[in-house]
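> I'd like to ask you about the structure that follows.
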Amino acid sequence: MPVLHVVPFYCGTATDLIDGLEERLARVFGVRVEHHPPSFEPEVAYDASRGQYNSRILLAQLLRQAPADDSRVLGVTALDLFIPVLTYVFGEAQVNGKAAVVSSHRLDNALYGLPASHELLFERLCKEAIHELGHTYNLVHCHNAECVMTSSMQIDGVDLKSDRFCSRCKAALRHNGVC
Amino acid sequence: MSTHEANILVVDDEFAVRDSLYNWFRKDGYHVHAAENATEALRALQDQAFDVILLDIKMPGMDGMELQSRIHTIDPEIAVIMITAFGSVETAVQALKQGAFDYVTKPIDPDELSHLVHRALEQRRLQKENVQLRETIDEIGAADTIVGESPAILKVLELIRHVAKTEATVLIRGESGTGKELIARAIHANSARRYFPIVPVNCGAVPNELLESELFGHEKGAFTGAQHRRKGRIEMADGGTLFLDEVGAINPKMQVDLLRTLETKEFTRLGGSKSIKVDFRIICATNEDLEVAVEEGRFREDFYYRINVFTIEAPPLRSRPSDIPLLAEHIVKRLARQMDKRITEIHPDAMQLLMDYAWPGNVRELINAIERAMVVGTPPTIQPEDLPVWGKRSTNSFSGESLADVEKDHIASVLERTGWNITRAAEILRVDRVTVYNKIKKYDLRQPATRGGKK
């Protein structure tokens, strides 16, 4: 069975969501999940001018931690991520690669002054983690609004889509040996 | 344009920006290309076409502004989005004035970037669609052209070219459905009057008592029911061409009025007293023998000579069977577009049927036959059974008129339809199989090479 290495770091309010997330990912991708501490110092990705963490650098670090097999590695954090040129990202992944990272920072109601909801945060985190891992299996953004691979730039977009792949994306995943 | 077909070029000297945008757009399913500077970008533009270019304004060497102007020269329809640092918005506005699609300020809000690229691609898609529609309109506009390569039709085309540049009155003769109006329109379209209207009047379709008012117009109260002043066709044709189809149907009284109008270039509306000046060319068409009509006194000799300055004979379709495939394909293409039906071809057997048929109704009948076939047929091919001429005796292929000739042709036709299935042919002919064999032997009928290659 393929392995998914989950690497949580600075998870903050999302710390107690990790177990549930791992279970969900194991079920969705048909993988065995292994839990690892980060082998890198996340602060290397910190950009003082922006007060955010560069997800490109975090991806590079996660890649170093990934074993040289067909497994995937997913970083999970509550840090605010960005890629140079963009103001923020919910997560990032290598298309058809090994590594992905997802952040709960902008998925949390607290950031928008809304009442905190652990359930909502968990669902959003699951959707974005599934979405980013989908990219590592060579899936690109999907035009089906309900598919988890739909691109969501804002939090309401994340809420609108489901946590499932549409039939086309599912077929593409199967083609890539998943599920 | 679907995301997966769109090509995006990212031009930025900063690796981190290039790399980020490259990966960002790849996740959206775009084909992405990244260039470090203007030279690389221009090289990429030589190699492939891009729909959207994201361009950093500040770059060493040729900067974004200059590159944007070069891109605009190479392909003004590429949507260029300028990337600018906070504080250099004025430069970006300058880029917009030079034709850039829009600009974004670093760091870019992902939502804004996504919307911007979608909008740029949508504009690009609309531009492409616009070009395609224009091409389609041009094709539709050119659809009603004279099609054919036979000597008969080439002669007609030569006559059209010859007479179009003159002001001569033209008489087009030919059977019904041979495209006389098409010839008239071709003359008009190639004449100096082409920017003015061609006004057709089917004189045979309008009763003579109404034709007068139709041609000359009328003043209010000119006759019962004339509640308003109305311009006639002659007035409408001012500057252009008046096309009188079935000119033989005009009565002698009106022929006098028309002759006077042709001579003086002036006329008066019915019930009016004011003389109106007009400048028009007249083209007439007829399927009647006007010489006989003149002899019989139905057609005035002076009017006949006035309209018969230059004659073009529209050849019947049976005299140019070699044009049928070209015509048929042209009609299929045109109707497929009009009917939005994906029929693209005619089966060789169906084409043979079309070529064998005598087409007494000429091109009009051919159009109707193909239109019917396209209604009943299944895309992409018109089959013999879709054609209304299916099973009709081909007058072209008749070998003779004796009873034996007719019998031979009929048996051959039934055998062809049944694919030389003797039992089926015998059933249709209501004779026994032995009789069919005897007739085949008697008339020396031979099975042509079948579709499957069997003999």
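> Would you work out what percent of the accessible area of the range B:222-269, with all protein chains in place, is carbon or sulfur (probe 1.4 Å)?
47
> Shielding by partners for B:105-112, please: the mean number of other protein chain Cβ atoms within 10 Å of each residue's Cβ.
Per residue, the number of nearby Cβ atoms from other chains is 6 on average.
> Which one of B:Ser20, B:Ala85, B:Leu159 has its Cα pushed farthest toward the positive end of the charge dipole of chain B, where Lys and Arg give +1 and Asp and Glu give -1 at the Cβ?
Positive-end residue among those listed: B:Leu159.
> Just counting partner chain Cβ atoms within 10 Å, what average do the residues of peptide A:140-147 show around their Cβ?
Rounded to a whole number, the mean comes out at 3.
> Oh, and also: Can you pull the Kirkwood radius for the range B:191-268, inverse mean 1/r over Cα pairs, to one decimal in Å?
Mean inverse Cα-Cα distance, inverted, gives 13.1 Å.
> Moving on to the next point. Looking at the range A:88-106, which residues lose a minimum of 30 Å² of accessible area between their chain alone and all protein chains in place, measuring with a 1.4 Å probe and not counting ligands or nucleic acids?
A:Tyr88, A:Val95
> Considering just Cα atoms, how many Å³ per residue does the convex hull of the range A:1-42 enclose?
In the range A:1-42, the Cα convex hull volume per residue is 66 Å³.
> At 1.4 Å probe size, with the rest of the protein present, what percent of the exposed accessible area of the range A:1-76 is carbon and sulfur atoms?
53
> If you don't mind, there's one more thing I want to ask. Provide the FRET efficiency to the nearest 0.05 for the A:Val3-A:Asn138 pair, computing r from the beta carbons and using R0 = 22 Å.
The formula returns an efficiency of 0.75 here.
> Okay, moving on. Of the listed peptides A:113-119, B:307-313, B:382-388, what is their order by residue-averaged count of other C-beta atoms within 10 Å, with the highest listed first?
Highest to lowest by the protection proxy: B:382-388, B:307-313, A:113-119.
> Gap in Å between the Cα centre of the range A:133-175 and the Cα centre of the range B:218-257?
69
> Another question about this same structure. Along each of the three principal axes of the Cα atoms of the protein assembly as shown, give the extent in whole Å, ordering the values from largest to smallest.
Largest to smallest, the principal-axis extents are 111, 82, 51 Å.
> So the label point goes 7 Å from the Cα of B:Ile74 along Cα→C-beta, right? Which residues of the range B:42-56 then have their backbone N under 13 Å from it?
What the label zone holds, given the 13 Å backbone N cut-off, is B:42-55.
> Sticking with this one: In this model, which of B:Lys253/B:Lys277; B:Lys155/B:Lys180; B:Lys97/B:Lys128; B:Lys180/B:Lys277 are farther than 25 Å apart at the alpha-carbon?
Exceeds cut-off: B:Lys180/B:Lys277.
> Mind checking the angle between helix B:180-189 and chain B's longest principal axis? C-alpha axes, 0 to 90 degrees, to the nearest 10.
Computed tilt is about 40 degrees.
> On to the next question. Using a 1.4 Å probe on protein heavy atoms, which residues of the range B:18-32 have at least 40 Å² less accessible area in the complex than alone?
Listed in order, they are B:Ser20, B:Asn23, B:Trp24, B:Arg26, B:Lys27, B:Asp28.
> Right, next: Roughly how many percent of the accessible protein surface of the range B:42-99 is carbon and sulfur, given a 1.4 Å probe and a whole-percent answer?
52
> Taking only protein heavy atoms and a 1.4 Å probe, what accessible area per residue, in Å², does chain A have with all protein chains in place?
Ligands and nucleic acids excluded, the figure is 43 Å² per residue.
> For the range B:178-322, with every protein chain kept in place, what is the accessible area per residue (1.4 Å probe, Å²)?
I get 48 Å² per residue for the range B:178-322.
> From the residues A:Ser152, B:Pro380, B:His33, which one has its Cα farthest along the dipole of the protein assembly as shown in the positive direction, the dipole being from +1 and -1 charges on Cβ of Lys/Arg and Asp/Glu about the Cα centre?
About the Cα centre, the residue reaching furthest to the positive side is B:Pro380.
> What does the buried accessible surface come to for B and A, summed over both chains, with the probe at 1.4 Å? Round to 100 Å².
Roughly 1900 Å².
> Quick one: in the range B:265-335, what % of C-alpha pairs are over 16 Å apart?
71
> Okay, moving on. Along the Cα→Cβ direction, 7 angstrom out, place labels at B:Glu90 and A:Arg164. What is the inter-label distance in nm?
5.7
> Report the paramagnetic label zone for B:Leu270: residues of the range B:189-214 whose backbone N is under 13 Å from a point 7 Å from Cα along the Cα-to-Cβ axis.
Those under the cut-off are B:206-214.
> Could you tell me which residue out of A:Gly177, A:Gly12, A:Thr87 lies farthest along the dipole of chain A toward its positive end? Charges go on the beta carbon: Lys and Arg +1, Asp and Glu -1, centred on the Cα centre.
The residue sitting most towards the positive pole is A:Gly177.
> If I stretch the segment between B:His118 and B:Ala336 completely, what's the gain in nm (0.36 nm per residue apart, minus their alpha carbon distance), one decimal?
75.2 nm
> Same structure, new question: Go ahead and run the numbers for FRET between A:Asp70 and B:His410, Cβ-Cβ distance against an R0 of 51 Å, rounding to 0.05.
Step by step, r from the Cβ atoms, then E = 0.10.
> Also, I was wondering about something else. Net charge within 11 Å of B:Gly361 by Cβ-Cβ distance, Lys/Arg positive one each and Asp/Glu negative one each, not counting B:Gly361 itself?
Once all neighbours under 11 Å are counted, the net charge is 0.
> Follow-up. Taking a probe of 1.4 angstrom, what is the accessible area of B:Arg318 in Å², to the nearest 10?
Surface accessible to solvent at B:Arg318 totals approximately 100 Å².
> Taking the Cα centre of the range A:14-78 as origin, work out the dipole magnitude from +1 charges on Lys and Arg Cβ and -1 charges on Asp and Glu Cβ, in debye rounded to 20.
Dipole about the Cα centre, nearest 20: 240 debye.
> Antiparallel DSSP bridges in chain B: what percent, to the nearest 5?
10
> How big is the charge dipole of the protein assembly as shown about its Cα centre, in debye rounded to the nearest 20, if each Lys and Arg gets +1 on its Cβ and each Asp and Glu gets -1 on its Cβ?
2220
> Another question, then. Take the eigenvalues of the Cα gyration tensor for the range B:7-83, scale each by 5, and report the square roots as semi-axes in whole Å, largest first.
Semi-axes from the Cα gyration tensor: 17, 15, 10 Å.
> May I have the convex hull volume per residue, in Å³, for the Cα set of chain A?
Dividing the Cα hull volume of chain A by its residue count gives 105 Å³.
> Looking only at Cα atoms, what is the convex hull volume of chain B per residue, in Å³?
Considering the Cα atoms of chain B, their hull volume per residue is 272 Å³.
> Moving on. At q = 0.12, 0.14, 0.15, 0.17 Å⁻¹, what log₁₀ I(q)/I(0) does a Debye calculation on the Cα points of the range B:299-380 give, no solvent, two decimals?
Computed log10 I(q)/I(0) values: -0.45, -0.55, -0.59, -0.69.
> Could you state the number of Å between the C-alpha centres of the range B:287-343 and the range B:69-116?
What the calculation gives is 58 Å, centre to centre.
> Would you give the gap between the C-alpha center of the range B:400-429 and the C-alpha center of the range B:187-205, rounded to a whole Å?
The two parts, judged by their Cα centres, are 49 Å apart.
> Follow-up. In what sequence, largest accessible area first, do B:Lys277, A:Lys127 appear using a 1.4 Å probe?
Sorted by accessible area, descending: B:Lys277, A:Lys127.
> Right, another one. If you count, for every residue in B:344-357, the Cβ atoms of partner chains within 10 Å of its Cβ, what is the mean?
Average neighbour count from other chains, rounded to a whole number: 0.
The values are calculated or read from the model by the stated rules, or taken from the named source; none is laboratory data. From a predicted model like this one, the values you see are computed outputs, not experimental measurements. Glycine gets a Cβ as well: all are built from the backbone with ideal geometry, and neighbour counts include every protein chain shown. With ligands, DNA and RNA removed, areas are computed over all heavy atoms of the protein, side chains included. Shrake-Rupley method; radii C 1.70, N 1.55, O 1.52, S 1.80 Å.
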